[in-house]
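Scroll down for the structure; my scribbles are underneath it.
The values are calculated or read from the model by the stated rules, or taken from the named source; none is laboratory data. Please read all numbers here as calculations on a predicted model, not as lab measurements. Cβ coordinates were reconstructed from backbone atoms using ideal geometry, including for glycine residues, and neighbour counts include every protein chain displayed. These accessible areas exclude ligands, DNA and RNA; they are computed on the full protein's heavy atoms, side chains included. Shrake-Rupley method; radii C 1.70, N 1.55, O 1.52, S 1.80 Å.
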Amino acid sequence: MSVLAGKRVVLGVTGGIAAYKAVDVCRRLVDAGAHVAPVLTKGSLHFIGKTTFDALASETTQMSLWTEESPIPHTRLGQTADLIIVCPATARLLSDYRTGRSADLLTATLIATRAPVVVAPAMHTEMWEHPAVQDNIAVLVERGVHIVPPEEGRLAGGDIGKGRLAQPATVVDYAESVLRGHGRDAAGLHVVVSAGGTREPIDPVRFLGNRSTGKQGLAIARAALTRGAAVTVVATVPVDLPGATVVPVATAAEMHDAVLAAATDADIVVMAAAVADFRPATVGDQKLKKRDGTPDIALEPTADILAALGQIKPSDQVLVGFAAETTDLRANAAAKLQAKNADLIVANDVAGAKTGFGHDTNAVVILGADGSDESVSLTSKREVADAVLSAAVRRVPPA
Ligand code: CTP
């Protein structure tokens, strides 16, 4: 169940072309079980309709400070909210919020709340980079407002640059992370995550692989990004994580080199990838033909990346491994924790009905080299990611 379930969320929508994406955000919040109260500015109506939100949200859209039913709608909205999200936020909204100029229902509600606030700005690159806007952002961040950074990409009118609204899934992810109380606790850290299963070529068309889809690793990378870290993802699967540095790899050897290179200045390294332990000793440069009979494929071991990281680990780096097990979960995981000199090992029953490869849910035990033992019962891979990241962030020594 999402942490948004049963929460009262005020969804503020201001007048930018990205307002149409707020419809998707509204839908996702409602699907997650939140009670959504939409508050639209006058400007937003140039881009989307009030009726759309009336139909999708949990209550009728509000727009005015002056209504007959309720003389002070902003205080009711502000006081009863568990969370306020402004999506998209224009340069004007940022300026009004910063100065406390409560000129309409949305800005008045923002001033009248003690709930956490998530703001997702969207504007043209020139506006986003303007010192006035950046100054407003800096002040809001200092006051504890959670800013969902805009992305690079195609903007209204065909321009390309920074300023595009974050994806609706990212905005909701921020909201969940803020409600879980994590905020930006990984800000200033470099987190390296490996994800997916490696593919070891047999010939130009065939490979030895495994059933990993990379979901748990990517969820950890997403959690780290949301919580403010600089993130490098070394992955064998496609990665859609704006803001992360992505290093695509295929084989264990490529992953070894990429992870070791990225790890040199990392605060946290998470080896979530399912790395092949063996690879074909020789790779055919032409496709093996059936007519040549059943091939004998001799295997040779690959390098153990986690163990290599464990050997060269700086004292202030937190190294996290996974243990994919089908039997004796705790004992096998504890042995790997020690053998590979990791700080944490996430033991994962890959044979469970709803856990392990390909599922969106997982259940793990997080064992620490310090003797800690934390069970995370069946939940989303995103929540498991937050638990793993929290355990790692707690262990990073203060700078
Ligand atoms: N790992 C690695 N390099 C390898 C094999 C595994 O870095 N060549 C890492 C995985 O990313 C994971 C941890 O080691 O974080 C444990 O992987 P797992 O497959 O559970 O265990 P193995 O060490 O391969 O042992 P076994 O297959 O015998 O269980």
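When the stretch 254-287 is examined, which residues are found to be within 13 Å of the ligand (Cβ to nearest atom) and crowded, with 23+ Cβ neighbours inside 10 Å? Reasoning before the result, please.
Residues of the stretch 254-287 that are within 13 Å of the ligand (Cβ to nearest atom), as a first pass: 254-260, 263, 269-279.
Scanning the stretch 254-287 gives Met255, Val259, Ala263, Val269, Val270, Met271, Ala272, Ala273, Ala274, Val275.
Every condition in (1) within 30 Å of Tyr174 (Cβ to Cβ); (2) more than 13 Å from the ligand (Cβ to nearest atom); (3) at pLDDT 95 or above holds for Phe322 except the one numbered (2). Among the conditions (1) surrounded by fewer than 19 Cβ atoms within 10 Å (Cβ to Cβ); (2) touching a residue at least 24 places away in the same chain (Cβ under 8 Å); (3) in a helix (DSSP H, G or I), Met1 misses just one, which is (3).
Any residue in the stretch 288-310 that is in contact with a Gly (Cβ under 7 Å, 6 or more places away or on another chain), near the ligand (Cβ under 9 Å from one of its atoms) and in the same structural domain as Val259 (by TED's automatic domain parsing)? Among the residues of the stretch 288-310, at least one is in contact with a Gly (Cβ under 7 Å, 6 or more places away or on another chain), near the ligand (Cβ under 9 Å from one of its atoms) and in the same structural domain as Val259 (by TED's automatic domain parsing), which makes the answer yes. Only a single item in (1) among the acidic types (Asp, Glu); (2) at pLDDT below 95; (3) outside any loop (DSSP other than H, G, I, E, B) is not met by Asp135, and it is number (2).
Annotation note: Cβ proximity below 9 Å between a residue of the stretch 113-126 that is touching a residue at least 24 places away in the same chain (Cβ under 8 Å) and surrounded by fewer than 24 Cβ atoms within 10 Å (Cβ to Cβ) and a residue that is acidic (Asp, Glu) and not in a strand (DSSP E or B) (sequence gap 6+ or interchain) occurs for Ala115/Asp82; Pro116/Asp82; His124/Asp159; Thr125/Asp159.
Of all the criteria given as (1) modelled with pLDDT under 95; (2) closer than 30 Å to Leu65 by Cα; (3) of a type in the set (Gly, Ala, Ser), the one not satisfied by Ala175 is (1).
Determine whether the stretch 227-247 contains at least one residue that is hydroxyl-bearing (Ser, Thr, Tyr) and either more than 20 Å from Phe357 (Cβ to Cβ) or free of Cβ contacts under 8 Å to residues at least 12 places away in the same chain (or both).
Within the stretch 227-247, the subset hydroxyl-bearing (Ser, Thr, Tyr) is 232, 236, 245.
Still in the list and also either more than 20 Å from Phe357 (Cβ to Cβ) or free of Cβ contacts under 8 Å to residues at least 12 places away in the same chain (or both): 232, 245.
Yes, the stretch 227-247 contains a residue that is hydroxyl-bearing (Ser, Thr, Tyr) and either more than 20 Å from Phe357 (Cβ to Cβ) or free of Cβ contacts under 8 Å to residues at least 12 places away in the same chain (or both).
May I ask you to verify whether Ala223 is in a helix (DSSP H, G or I) and surrounded by fewer than 24 Cβ atoms within 10 Å (Cβ to Cβ)? Answer is no for this residue.
Only a single criterion out of (1) open to solvent by less than 50 Å² (accessible area, probe 1.4 Å); (2) aliphatic (A, V, I, L, M); (3) closer than 25 Å to Ala221 by Cβ is not satisfied by Ala334, namely (3).
Here is a yes/no grid of residues against (1) in a helix (DSSP H, G or I); (2) touching a residue at least 40 places away in the same chain (Cβ under 8 Å); (3) out of contact with any Ser or Thr (no Cβ under 7 Å at 6 or more places or on another chain):
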site	(1), (2), (3)
Val283	no, yes, yes
Leu288	no, yes, yes
Asp296	no, no, yes
Ala303	no, yes, yes
Leu306	yes, no, yes
Gly310	yes, no, yes
Asp316	no, yes, yes
Phe322	no, yes, yes
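For Asp343, state whether it is at negative phi and open to solvent by 60 Å² or more (accessible area, probe 1.4 Å).
Numbers: at negative phi: yes; open to solvent by 60 Å² or more (accessible area, probe 1.4 Å): no.
No; evaluated as a whole, the condition is false for this residue.
Only one of the listed residues (Asp370, Asp316, Asp360) is exposed (fewer than 15 other Cβ atoms within 10 Å of the Cβ) and more than 28 Å from Leu260 (Cβ to Cβ). That residue is Asp360. Would you mind finding the one in Thr41, Thr61 that is of a type in the set (Ser, Thr, Tyr), crowded, with 16+ Cβ neighbours inside 10 Å and either more than 26 Å from Ala5 (Cβ to Cβ) or under 29 Å from the mean Cα position of the chain (by Cα) (or both)? After applying the criteria, what remains is Thr41. In contact (Cβ under 8 Å) with a residue 24 or more places away in the chain, out of contact with any strand residue (DSSP E or B) (no Cβ under 8 Å at 6 or more places or on another chain) and not in a strand (DSSP E or B), is that true of Gly217? So Gly217 does not fit the description; no.
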